[in-house]
Amino acid sequence: MREREHLKDHHREASIFTGRVIVTLFIVLVMLGVLLTRYYSLQVIHYQNYATESDKNRILVQTIIPNRGLIYDTNGELLADNRPSFTLFLIPERVNDVSSTLSLLKTIISINDQTLQEFYDLLNDERPPYQAIPLRHRLTEEEIARLAVNKYRLSGVSVDAQLVRSYPKPYLFAHTVGYVGKINKKEKARFSEEERKRYKYMLTIGKIGLEKYYESQLFGEMGYQNVEKNALGRVLRTLERVPPVSGKDLRLYMDSRLQKVAWEAMGNRRGAVVAIDVKTGGVLAMLSTPTFNTNLFVTGISHKDYSALTNSLDLPLFDRTIQGRYPPASTVKPALGIAGLASRSITPTYRIFDPGYYKLENDDRLYRDWNPRGHGWVNVHKAIIESSDTFFYDMAYRTGVDQLYHYGSQFGLGKYTHIDIPNELSGLWPSREWKRSARQLPWFPGDTLNIGIGQGDALATPLQLAVMVSTIANRGVRHKPRLVKEIGGEPAQSEVVSAMENVSDKYWDVVHNAMYGVVHASNGTGRRIGRGINYKMAGKTGTAQVVGIKQGEKYDSEALSERHRDHALFIGFAPFDAPQIAIAVIVENGEAGSSAAAPVARKLFDAYISDEYPEQVQSELASRRKP
Amino acid sequence: MSSVRHYDFLRRMPEASHDLRQRLSFWQVIHIDPILLLLLFALTVCGLWVLYSASEGNIRMMQRQGVFFVIAYIGLFAVAQVRLSLVARWSIFLYLGGVALLIAVLFIGVGAKGAQRWLSLGSFRFQPSEIMKLAMPIVISAYLSSKALPPRFKHIFWLLILVFVPTSLIMLQPDLGTSILVAASGLIVLFYAGLSWRYILAAFTLIVMSIWPMWQYVLRDYQRQRVITLFDPESDPQGAGWNIIQSKTAIGSGGITGKGWLEGTQSHLNFLPESHTDFIIAVLAEEFGFIGVVVLLALYLLIIFRGLVIAVNGQDSFRRLLAGSITLTFFIYVFVNVGMVAGLLPVVGVPLPLVSLGGTSLVTLMLGFGVLMAISTEQRRVVNK
């Protein structure tokens, strides 16, 4: 009730109010100051940070994959091509429910478990956001049509044509051209920083052969484009574009016609053929049989196909030309002849009597000749023509391991050839040092005799044998063997590795004439292929033991299972007067070089010298599907 | 000198002005304050300009907002004609009607995201809490001005009850942001009425002390999350922190001069959420830069300044308190929204006054400015002479 006594004092109320308004104005100005300070801080002081953040939000850097370089043979025939193939992609960020989308897709097109597993591997792997993950490759027209009909039910699913590697001659060039395949975890782990960037958006990489060796040249340079995307990841426009640089095309020395001749000559037999251009070291033909279909690997090989290849006793994936290590056997005799002559342990007229065996002093062991009856009096010429083991036991013993090692190395024995495909093995040309470190044993005179006939510890790859015979044909000049003649139109330089300048021409003549005799003389081991020949060639046969034969035991090929039979070898070059092509052939378990390997070489020589190749009537695939 | 005495007389006898024969100016006849109208018009036009960009040039959205503008300006003109003595007399019914609607919302309201905030009348939906934003200062101003000022403790008690009822009803919806703003609009009147600084200090201490128990027992999880997000948006960059990270990025990337109208990437590429409603100032900041922000805040400051001038010149306590409260509440909306978008305050659903898309808020605010116009022109009859 006291309240009523308080009269309103309008004047006082007004002045209180005015005071409060002044306070208000002050507070308002301070608070606006706070806001302005905040915006000043965001927009002026930290402008750079936020401008960058904003760009990171909207700008997506997309890589543009360059077209992979093509591979041609010497005549311009295509060996590795890029063909458009339709692939089904999923962008997981745009798919509402991946597993239900996948089960829906399964009802529309065929997707097997392996494909699905590979998809999940990619999905769970580290990957850039909004990258399309391939699910099914090689869609058929019908499948594309079915997908198009169901498009409305499939968000985040797209069908895109992409260039996929394709090999027009997948069997012929399986080991040389090689193939590209999916990048696996092991390869990813080995990537350098630069490679990691380059292959971030790539699914395939060169795996073997030229595809692997020349990967960086074939790949080219990634292109980039900055695209603007919205918050949902949809690309709206291209802001900046750096076009990719296509990979360089490769042109090979190889001639697919000659390769085909080799392939047909080898038939169903296991082995290897290598033909080298004597003047350049260029590889004209290089075949390891059996081969396989490289196209199977490009978009991921099925488990079934892969196990068929790996479980085959014939080892189709195994590249015999550079990884097969065989005793060179008698094919080393011409090279060792040079070693003996050049080291002056023998002369061209030096001769011994060959009773069918050789015996060291103070040693009871008999070193047998392949011919138990012996060859009578033999000099180096006759010893090469008839392949007298006894002469070479004697010559090796007289020359000594050190000289044999020195000269053998000059022919490339035991050395990497450094050919331009990866995973080459070096073979083995033994020395005292090698035996001491590898076997912890001293060198015995018997070891020298064994390498004198290319047996014992001596091992060589077919490519090394081809390099050796090419070096003989070239009178000591050894080239680095090369498959690639031109990279992107630029000729690749041929390289001379060594050139035995101190070996007199007359010694080369002795050896060449003897090799001529092997084919053309009536007592030559290779006389069979000399029949009906209209050009001159030189050669040497070889027969390499697969199973060691004990003293006194007689070799009986019938009793041995097929895979224990001797390997047949042949090396040769032609034309005799002006050598152009040198060839090495190995037929596994072919028994005798003269009957199994030499005819293969003859077919290549015939085709190359006459420049006439059989019509390719049969398609390559149809001719022999079985690996 | 005589005019001062004349003025002084009228201040002591406000209703006497009606009996004095005055020649009225055009603006007084139509009850419009031209300066305030010009400023409001400038702000709303700028707002539409930004909204056009924020809505991606969505013509239908612009048309709808245009209709709301027409309604809002008509509302402003209408309210400006109302006699304030009438308003004071009927204020308690306005208040009770508002409370009744708030209770109705709790039972028959509609809404989204777990909150019931809307009343639906056929196709027309509105938030009763918006009515309270205006009803609250009116009823408190009327109540206090009927007493001798500064207010006594007993009056403050009743007044707090008047504030508490609708505030708690809105909090139940739940709509914490609006409830705080409605409470503030009532308490501001108390401040203008001359509430002793001792009480203000005591209340302030109390609020600070209640922060911890509020955090523990009153705030809901999502509200707590908003506060956490304020201090550390990176704690959940894809979820709760997304809005604030993107709005700060939008603002910051605008720089001094901005990316240009319709060129804002954050808003146009959908990185900025709520770009045409609560976060619209981020669009402005991105496209017009710091300069745009300064211009906008300057417009707001001018409006507030004009509002305070009108308030100081009010004929009696009711008019002064009401005008002051409406003006300061308006500023609080501005501060909360502009501060929240820049990451200074937690994210509460407060639109940017007169700029954000949305009819209810626009109309309520304009009605408030209509009241200011009424106060301004009533008083002007005297002062202009």
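The values are calculated or read from the model by the stated rules, or taken from the named source; none is laboratory data. Please read all numbers here as calculations on a predicted model, not as lab measurements. A quick note on method: Cβ atoms are made from the backbone with ideal geometry, for glycine too, and the neighbour counts reach across all protein chains shown.
Details
- Residues in segment A:209-249 that are within 31 Å of the chain's Cα centre (by Cα), without any contact (Cβ under 8 Å) to a residue 12 or more places away in the chain and in a strand (DSSP E or B): 0 in all.
- Residues in segment A:435-462 that are more than 23 Å from A:Tyr367 (Cα to Cα) and either touching a residue at least 12 places away in the same chain (Cβ under 8 Å) or of a type in the set (A, V, I, L, M) (or both): A:Ala438, A:Thr461, A:Pro462.
- Only listed residue being in a helix (DSSP H, G or I), in the same structural domain as A:Thr347 (by TED's automatic domain parsing) and among the β-branched types (Val, Ile, Thr), chosen from A:Ile419, A:Ile451: A:Ile451
- Restricting segment A:450-464 to residues that are surrounded by 24 or more Cβ atoms within 10 Å (Cβ to Cβ) and touching a Phe, Trp or Tyr at 6+ places or on another chain (Cβ under 8 Å), the residue that is nearest to A:Met286 (Cα to Cα): A:Pro462
- Scan of segment A:454-510 for residues that are among the β-branched types (Val, Ile, Thr) and in a loop (DSSP other than H, G, I, E, B), ordered by number: A:Thr461, A:Val503
- The residue of segment A:30-52 that is nearest to the other protein chains (Cβ to nearest Cβ), among those that are within 25 Å of A:Gly233 (Cβ to Cβ) and surrounded by fewer than 15 Cβ atoms within 10 Å (Cβ to Cβ), is A:Asn49.
- Of all residues in segment B:310-320 being modelled with pLDDT of 90 or more and facing chain A (nearest Cβ under 9 Å), the one that is surrounded by the most Cβ atoms within 10 Å (Cβ to Cβ): B:Arg320
- All of (1) within 21 Å of A:Phe570 (Cβ to Cβ); (2) of a type in the set (A, V, I, L, M, F, W, C); (3) in contact with a Gly (Cβ under 9 Å, 6 or more places away or on another chain); (4) not in a loop (DSSP other than H, G, I, E, B) hold for A:Val274 with one exception: (3).
- Residue count for segment A:465-489 satisfying the condition of being without any contact (Cβ under 8 Å) to a residue 60 or more places away in the chain and within 28 Å of the chain's Cα centre (by Cα): 1.
- Residue identified as within 14 Å of chain A (Cβ to nearest Cβ), out of contact with any His (no Cβ under 7 Å at 6 or more places or on another chain), in contact (Cβ under 8 Å) with a residue 12 or more places away in the chain and surrounded by fewer than 19 Cβ atoms within 10 Å (Cβ to Cβ) among B:Leu230, B:Leu201: B:Leu230
- Any chance A:Thr24 is in contact with a strand residue (DSSP E or B) (Cβ under 7 Å, 6 or more places away or on another chain), assigned to a helix (DSSP H, G or I) and surrounded by 18 or more Cβ atoms within 10 Å (Cβ to Cβ): no
- Residue in segment B:360-376 that is part of a loop (DSSP other than H, G, I, E, B), within 14 Å of another protein chain (Cβ to nearest Cβ) and at negative phi present: no
- Selected residue (only one of B:Ala323, B:Ala282, B:Ala342 is within 11 Å of chain A (Cβ to nearest Cβ) and under 17 Å from B:Leu39 (Cα atoms)): B:Ala323
- Within segment A:574-605, the residues that satisfy the criterion of being in a strand (DSSP E or B) and either under 26 Å from the mean Cα position of the chain (by Cα) or surrounded by fewer than 23 Cβ atoms within 10 Å (Cβ to Cβ) (or both) are A:Ile581, A:Ala582, A:Ile583, A:Ala584, A:Val585, A:Ile586, A:Val587.
- Filtering segment A:250-273 to residues that are within 19 Å of the chain's Cα centre (by Cα) and among the hydrophobic types (A, V, I, L, M, F, W, C) leaves A:Leu250, A:Leu252, A:Met254, A:Trp263, A:Ala272, A:Val273.
- Residue identified as surrounded by fewer than 24 Cβ atoms within 10 Å (Cβ to Cβ), in contact with a Ser or Thr (Cβ under 8 Å, 6 or more places away or on another chain) and not polar (S, T, N, Q) among A:Leu425, A:Leu441: A:Leu425
- Qualifying residue in segment B:93-116 (condition: closer than 27 Å to B:Leu190 by Cβ, at pLDDT below 90 and basic (Lys, Arg)): no
- For segment A:10-23, the criterion of a residue being facing chain B (nearest Cβ under 7 Å), among the basic types (Lys, Arg) and within 18 Å of B:Gly343 (Cβ to Cβ) is satisfied by no position.
- With respect to (1) outside any helix (DSSP H, G or I); (2) under 19 Å from B:Cys46 (Cα atoms), the lone exception for B:Phe335 is condition (1).
- Flag: A:Trp443 matches the condition of being hydrophobic (A, V, I, L, M, F, W, C), assigned to a loop (DSSP other than H, G, I, E, B), at pLDDT below 95 and over 15 Å from A:Lys333 (Cβ atoms).
- Filtered residue count, segment A:244-275, keeping only those that are farther than 12 Å from A:Val585 by Cα, surrounded by 22 or more Cβ atoms within 10 Å (Cβ to Cβ) and among the aliphatic types (A, V, I, L, M): 5
- Exactly one residue out of B:Gly122, B:Gly194, B:Gly177 is at pLDDT below 90 and under 20 Å from B:Ala311 (Cα atoms), and it is B:Gly194.
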